[in-house]
Structures are given as structure tokens and as C-alpha cells.
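Student: What follows is a structure written as C-alpha cells; I'll ask about it next.
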Amino acid sequence: MGAQRSRSARTTISLLIILAAATAATLFSSLLTYRNALSAADDALKLQALGIAASLEASLRRSDFPEENILRDIVSEGRWEGIAFLALYDRDGRIALHSNARLIGRTSEDAVIHEAFARGVPLDRYLMLGTDERVFILDAPVRLRAADYLLRLALHPYPAENSIRQARIQLAISVGMAAVLWGIGIVLMRAQQRAEKLRQRIDERERFAVLGEMAAVLAHEIRNPLGSIKGFAQYLAEQREKNGGSMDRQPLDIIIAEARRLETLTEDLLVYARPAGVNISSFDLCELIKTCAAALPHRPGISRETDCASPLFIESDPDKLRQILANLLQNATDAIEHDGTIAVGAVALRDRIILSVRDTGGGMDAETSQKAFDPFYTTKTRGTGLGLAIVGRLAAVLGGTVDFETAAGKGTTFTVSLPAQLPEK
């Protein structure tokens, strides 16, 4: 079992490592492509702007500047693709030429203009226009007619940003693929965990099946000599009474009591290992509850309560239900150390009958809760550990399930859900 869990853990860790490595490689490649696309788009815009600026400077020198507004003509004719606007500033920031003729003569307080004049080299940046349009700006100092000017080009970035958009799409696809990959990985891990749990349950059932067969054989072999021991002890006890009580009876009483305890154990082993066939009949479950509660040995300080609206008919095996009730009631009695209450009830819920046994004992801790239905597990000094195991086994034979709620110091409630009408097999 430990080796299987270790293999399962190693498989899960290996799968996580593979997923993490694949995700990291995919995302790193996509991010690198995206960064390269950003850099390439900036370089393309800068080269395009520098080329246009050089051509414009030559055209301005040949033109009848400033009387001729060639900037307006260039933009209106669409000589170069992607131009948003063109402007020419003097050192005072006054617009000498502009592709929008209405702006000529205005003065700009843009500090970048003075910085470009001071540095004497082209400066580029991105700018958000008043129309909420993002453009690429190149400010290039030029000399015309023995005077210094600043040529400003505004380019639409979307032609150069096609590669960026493609890189973004690729990045989104990579993120989506990584998410799908992790989703598949999680599904595979859960499937592997479910398979491991199923394998453990199968192994446990096989182990319990072998244990049950051994218990049945052992119980059968013990039963006959045990009957002889008890019979002879009872015979000796009767002879003692006939002979006037000359022999001490206490050893005989101990032999008889222990023989009865072993007899009960062998009967429990046989019931757990090989439950008898199901004998279905219709009966009032409330009457069975009252009978079982009344048959429970009285213990001072423990009160009993029943909550069942008679008649509550069920078609099932009364003998097996009687044993389920007897075991749960005995378990509830043993759970109460001093004073307390045992409450038994049943109610019909659609096509099911819900049977409950509640005690106000000490409850169960986490370890006991996990092993409550394991055969031969007990916290009692003289218990066999088969009571709840038999309850679970018989409930399954009757087509039902057993569940419980417990809290340390607050008691335990066992709930048995059974079909109201057990079909004939």
C-alpha cells in the first residue's frame, strides 16, 4: 500500500513538472516574440519617419517656402502612407507650416520642441492626440533658408503594429493552450487519484474477503469444541447443585461466561463473513424499533427515546434489521460513560426509510471516525470490533447505506438509509 502511494505521488509530481516546464517554455517563447514585435514595430516606424523627414527636408528646400504649403499637399495627396499630420516650427515654437493650414501662425508651448532644438538630433515618442488617437511623433531639426526649424511628423502606428497584433494573438493562444494543458493535466491527475483510490478499495475488499473466509472457517472450527466446553461446564454446575454445593461454583461460572462470549464472537464472525440469505417480508418498523429498544439491557442513568409514527411499513428482512438495530443500540450504550440519552427514530422519505440512532456519549475522534467500520477495530477493552462492520455489511445486503455524524464530547448519530421496498433477487 505504501509503495503504491509512493508511486502515485511520484506520478503526480512528474506530471506537474512536465506541465510547469511546458507552460514556462510556451509562455516564454510567446513573450519573447511579443517583445521582439514591439521592438520591430518601433524600429520600422522610426526608419519610416526618418526617411520621410529626409525627403521632406529636400522638398522644402526646393519649394517656394513659406508661401507654398507643400505639407498640406503631401498629406492630401497621400504621398506617404500612414501620415497623421506634418508641421514645421521655428525656434520660438511658432507654426511656420502645417498640413492643417488653419494652425499656421499659432505658437506651441511644447517643451519637446525646445529640447530638440537644444540637442540638435531627431527625437521620437508616442503621443495621444485630442481625438484619443495614439500616434508616433518624430521631431527632426532642419535648416532652411539659413534658419533653424523643427520638422514634426506624426505617423499612424497601426500599419507597423500588425506584427504586434499578431504577437498578441499568439500570446493569447499560448495562454489559452497553457490553460487547456493545465485543465487536461488536472483531469488526468484526478483520474489517476480516483484510479488509485479504486485500486485501494479493490485491494481492501479482497483483503477483507480473504479475512472473512478465514473468519468463517475459524468460527466454524471453534464452534463445535466451544459448545462441548460450555455443555460440560453447565453439566458440572448442575451436578454441584445436586451434590449439595460441595464444589466451588465460581470457576464454572467463569468458564460458562467466557464460553458464551466466545460463542457470540463466532456468531458475529459468521454473520460478517457469510451473511445469511435475505428473507423479505412486510412489517411495521416502528414496532421493531420498540421491541429492540425494550430488549436493550437496562443501565442506570441512561434514558431511551423513540420517535416513530406507527405504522411505518417496510418490505425488507426483519432479522437483519433487528441485528442492525441491536448493534447500533449496544454501540450507543457503550458510548455513554455515565448518564445520557439514546434516541431511536425512523421516517419515510419518498421511496426510502431513514433510520437513526443517536447517543449523547463522548463522540469519536478523527482516527476512530475513519476506522469506525473497519472489522476488528475497537476502542473497547473487551470489544470484538465487529459491531459496526456487521451494521455496514448488513445494510449493504439490504440495499442501504450507513452514515454518521460525530463530535468529541457531543455524541454520535448513526443514520441508515434503506429502500422502503427491497426488490426480490
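The values are calculated or read from the model by the stated rules, or taken from the named source; none is laboratory data. This one's a predicted model, so the numbers in the text were calculated from it and none came from an experiment. All Cβ positions, glycine included, derive from the backbone under ideal geometry; neighbour counts span all protein chains shown.
Student: Restricting attention to the stretch 377-388, does a residue exist that is within 24 Å of Glu315 (Cα to Cα), surrounded by 15 or more Cβ atoms within 10 Å (Cβ to Cβ) and touching a strand residue (DSSP E or B) at 6+ places or on another chain (Cβ under 9 Å)?
Tutor: Within the stretch 377-388 (the criterion being within 24 Å of Glu315 (Cα to Cα), surrounded by 15 or more Cβ atoms within 10 Å (Cβ to Cβ) and touching a strand residue (DSSP E or B) at 6+ places or on another chain (Cβ under 9 Å)), the answer is yes, since at least one residue qualifies.
Student: Take Ala395 and decide whether it is closer than 22 Å to Ser281 by Cβ, in contact with a Ser or Thr (Cβ under 7 Å, 6 or more places away or on another chain) and surrounded by 16 or more Cβ atoms within 10 Å (Cβ to Cβ). Full working, then the answer.
Tutor: Working: closer than 22 Å to Ser281 by Cβ: yes; in contact with a Ser or Thr (Cβ under 7 Å, 6 or more places away or on another chain): yes; surrounded by 16 or more Cβ atoms within 10 Å (Cβ to Cβ): yes.
Criteria met by Ala395.
Student: Among Met214, Met177, which is the only one that is modelled with pLDDT of 70 or more, surrounded by 11 or more Cβ atoms within 10 Å (Cβ to Cβ) and in a helix (DSSP H, G or I)?
Tutor: Details: Met214 fails: modelled with pLDDT of 70 or more.
That would be Met177, the only listed residue that is modelled with pLDDT of 70 or more, surrounded by 11 or more Cβ atoms within 10 Å (Cβ to Cβ) and in a helix (DSSP H, G or I).
Student: Among the residues of the stretch 24-40, write down those that are modelled with pLDDT under 80 and among the small types (Gly, Ala, Ser).
Tutor: Within the stretch 24-40, Ser30, Ala37 qualify.
Student: While we're looking at this one, here's another question. What about Lys290, is it modelled with pLDDT of 85 or more, under 21 Å from Gly385 (Cα atoms) and either touching a Lys or Arg at 6+ places or on another chain (Cβ under 7 Å) or charged (D, E, K, R) (or both)?
Tutor: No; evaluated as a whole, the condition is false for this residue.
Student: Right, here's the next one. Just to be sure, is Ile18 of a type in the set (A, V, I, L, M), surrounded by 11 or more Cβ atoms within 10 Å (Cβ to Cβ) and in contact with a strand residue (DSSP E or B) (Cβ under 9 Å, 6 or more places away or on another chain)?
Tutor: Numbers: of a type in the set (A, V, I, L, M): yes; surrounded by 11 or more Cβ atoms within 10 Å (Cβ to Cβ): yes; in contact with a strand residue (DSSP E or B) (Cβ under 9 Å, 6 or more places away or on another chain): no.
So Ile18 fails the test.
Student: Oh, and also: Quickly run through the stretch 298-311 and pick out the residues that are closer than 22 Å to Gly361 by Cα, touching a helix residue (DSSP H, G or I) at 6+ places or on another chain (Cβ under 8 Å) and modelled with pLDDT under 85.
Tutor: Arg299
Student: Is it the case that Val397 is of a type in the set (Val, Ile, Thr), under 33 Å from the mean Cα position of the chain (by Cα) and over 18 Å from Gly345 (Cα atoms)?
Tutor: Details: of a type in the set (Val, Ile, Thr): yes; under 33 Å from the mean Cα position of the chain (by Cα): yes; over 18 Å from Gly345 (Cα atoms): yes.
Yes, satisfied.
Student: Are there any strands (runs of 3 or more DSSP E) wholly within the stretch 39-142 with 1 or more residues that are without any contact (Cβ under 8 Å) to a residue 60 or more places away in the chain, hydroxyl-bearing (Ser, Thr, Tyr) and outside the structural domain of Arg168 (by TED's automatic domain parsing), and if so which? Don't jump to the end; show me each part of the working.
Tutor: Working: elements: 83-89, 95-98, 123-128.
Fully inside the stretch 39-142 and qualifying: 123-128.
Student: Kindly indicate whether any position in the stretch 126-141 is touching a strand residue (DSSP E or B) at 6+ places or on another chain (Cβ under 8 Å), within 30 Å of Ser108 (Cβ to Cβ) and among the small types (Gly, Ala, Ser).
Tutor: Yes: the stretch 126-141 contains one or more residues that are touching a strand residue (DSSP E or B) at 6+ places or on another chain (Cβ under 8 Å), within 30 Å of Ser108 (Cβ to Cβ) and among the small types (Gly, Ala, Ser).
Student: Please enumerate the residues belonging to the stretch 130-167 that are out of contact with any helix residue (DSSP H, G or I) (no Cβ under 9 Å at 6 or more places or on another chain) and more than 29 Å from Leu31 (Cα to Cα).
Tutor: Gly130, Thr131, Ala146, Ala147
Student: Answer with yes or no whether Leu349 is closer than 23 Å to Ser282 by Cβ and surrounded by 15 or more Cβ atoms within 10 Å (Cβ to Cβ). Quick ask: steps written out before the conclusion?
Tutor: Working: closer than 23 Å to Ser282 by Cβ: yes; surrounded by 15 or more Cβ atoms within 10 Å (Cβ to Cβ): no.
Here the answer is no, as Leu349 does not meet what is asked.
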